[in-house]
Amino acid sequence: MPPTSRPADRTAAEEAAVRHRVLPGTSPRAALALGLLIGFYLLALLVLAALALLDVALARGPGFTVVAVEGYLGSLAIAWCVVRVVLLSRGRGDGRDGPSGLSLTPQEQPELWRRVRDLAERVGTRPPGEIRVVPGANAMVREDVRWLGLAAGERRLFLGVALLIGLPEDELDAVLAHELGHYAHDDTRLAGLVWALRSRLLHTVLTLQQRAARQEAEEKAASAARAARRRAAGKPPPVTREPTRGPDHYLAVVFSAYARLCLRLTEAVSRRQEYAADLMAARIAGRDTTAAALRRIPALEAADDLYLSTYARMGWAAGLLPPEGQFYGGLALLLADGTRRAELEAPAQEPLPEQSSPYDSHPLTADRIAALEALPDDGRAARRVRRPASAALRAPDGLLAELERVVLSPQALSMRRVPWSELPSQTRRASWARGAEPLLRAMTQAAGARGVTPPGGTHLGRLLDMIDHGLLYDIAGRLPRSEQAGRSSGRAAREFARTAFRSALRHLVLLAALDAGLCRWELCWAGPPVRQVAPDRLAEALEEALDCAVADPPDTAPLRALLSGGAVLW
C-alpha cells in the first residue's frame, strides 16, 4: 500500500471504532424507546393486577370484615386513580411545530439554503424542508415522523439568530453538519417515541403529585378548622397528626421511580447521539473547527443572554425599544466591542466547570471537546481569516426586522423605537418622570387646598416657590405612604414625610437637569451598560442641595443656583 494512503486508512479505521463506541444501532435504540413506552402501560396494568390479587385474597378470608371492606375500598380508589390518571388522561401536546421564528424560503435566502443542501449531500442525508431562524444561540432539528418513526415526515432545521451573528462561517458549517448528522443517524426518527414516553411520564407524575398535594392541603385545612372550633368552644385542641397518605402519593412514588429509570436510559442514548453527531461535524467541517465551535457557543450564549437582558430590554419598562432590527441584531454591536469580546471569549479558551448528571441530554462540553481532540489530526486547522456566518444571508437587516415582527408580542411591537444614542437617557427620563408623578399630584392638591395660585414657570420652579412659602410638609403629607409611615405620628411622621418628599424631589430635579442638558447618559458596550456624563461634582452638589431644600427650615437657594445655569427653572 502506498505510504500516502496509510494516514487516511488509519483515520477511517479509528473513526469507525469511535462510531461503534458512541452510537448503538438504530434497531436497538428503537427497541429500547418502544420497550420503555410499552413498559409504562405494563406498569399500570401490573398495579391493577396486584390490586385484583389482593381483592381475591381478601375474598377468601373470613368474610366481609371491617378490614376486608377497607381493603376493597382502598384497592378501588387506587384502581380508579390508575385508570383515570395513567390510562385514560392525555398528556401534553408534543409541540411538533417547534419554537416560533421566521421561516426562510430558498428564494429569500438562496445562499443559506445552498449551503445546507450541500452539507446534507456531504453528510449523506435528506435536507430539511424548512429552515427557521429563532431567537437564541442554539440549533436543533425536528422530523414529523409517523407510525412510531417508521414513516418519514417533513424535516425542520431551527437555527438560532445569535449563531448567524456571532459564529464564523466555517464554524456555522460545523453546527449545521452536527444537526444534519442527527438526521443521518435517524435520531429524529426515534424522537417521536422518546417524546411520547417522556410526555406520558411527565403528565402522569405531575398529575399524581398535584392530586396528592391537594388532598394533603385539604386534610390540613380540615384539621385546622376542627382545632379552631375546639378552641372556640374552650376545649383543648386535638393532637396534631401527620396527614394520611392517599393512593395518589404512593402511585406518584412508583411512577416517579420508573420515570427516573427511563430518563437515565434515554438520556444516555441522547448523549451518545451527540458524540456521533460531533464526529460527523468533524468529518465535514474539520476536527479543529468543530472543537472551536463547541468552545465558542457557550460564550455566545452568555453574550446573547447579557445583550437581551441588559441592552435590548433596557427601555422595556419605559415602553422603548432599540431601532428596528436591533432587538436581536444589536448583539453584533456588543460582539464588535474589543473589550467585551475579550471578556466573553476568555472562558471559551478553557470551558467553565460543569456538573454532570445521568439525566443530562448532552455530554459535558469539555468531554465533547476532548473526544474531538482525541481524533487524528485531519490537517484542516481553523482558518485565520474567516467570514462571519451572516455573510451567507441576503439583506440581513431586513431578516432581523422581520424576525422581530414574527416573535415579539403585539404589545412589544407597539413600543416606541429609539436610537441607541438616545435610549439610555430616554429610559431614565421615563423612570424619573414616573417617580415624580406623585409629587406633582401632591403639589397640585396642596395648592388647591390652600387656594394658592403658583406663579408661571416649570413644575420644579413652582414647587420650590411653594417650599419657600412653608408648604413642604403640606405637600409631603399628601404623598403615598408606606404602612409603617401611616402608623407613625409626631416627629417620626414628619421624618417619614420629609424622606419621601426628598426622594420624589430628586426624581424631578434629575428630570429637569436632563432636559436642560446639564447631564446625559451614554451607552457603553464594555463594562456597565450605561455611563453618566455630567460636570465634575454635579452628583455630590445635587445631594447637598437636596438636603438643604428639605431641611428645617428649608433653603432652596443651593438647588436654584445649581440648576439655573441650564435655564431649568424659568
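What follows draws every value from the coordinates through simple rules; no lab data is involved. Nothing here was measured: the structure is a model prediction, and the numbers come from that model. Using ideal geometry, Cβ is built from the backbone for each residue, glycine included, and neighbour counts are taken over all protein chains shown.
Some observations on this one:
- Using only Cα coordinates, the Kirkwood hydrodynamic radius of the stretch 102-176 works out to 13.0 Å.
- Ranked for footprinting exposure by Cβ neighbours inside 10 Å, fewest first, Val134, Val161 give Val134, Val161.
- Residue order for Leu413, Leu157, fewest other beta carbons within 10 angstrom first, comes to Leu413, Leu157.
- Cβ crowding within 10 Å ranks Arg245, Arg198 as Arg245, Arg198, fewest other Cβ atoms first.
- Among beta bridges that DSSP assigns inside the stretch 102-176, antiparallel share in %, nearest 5: 65 percent
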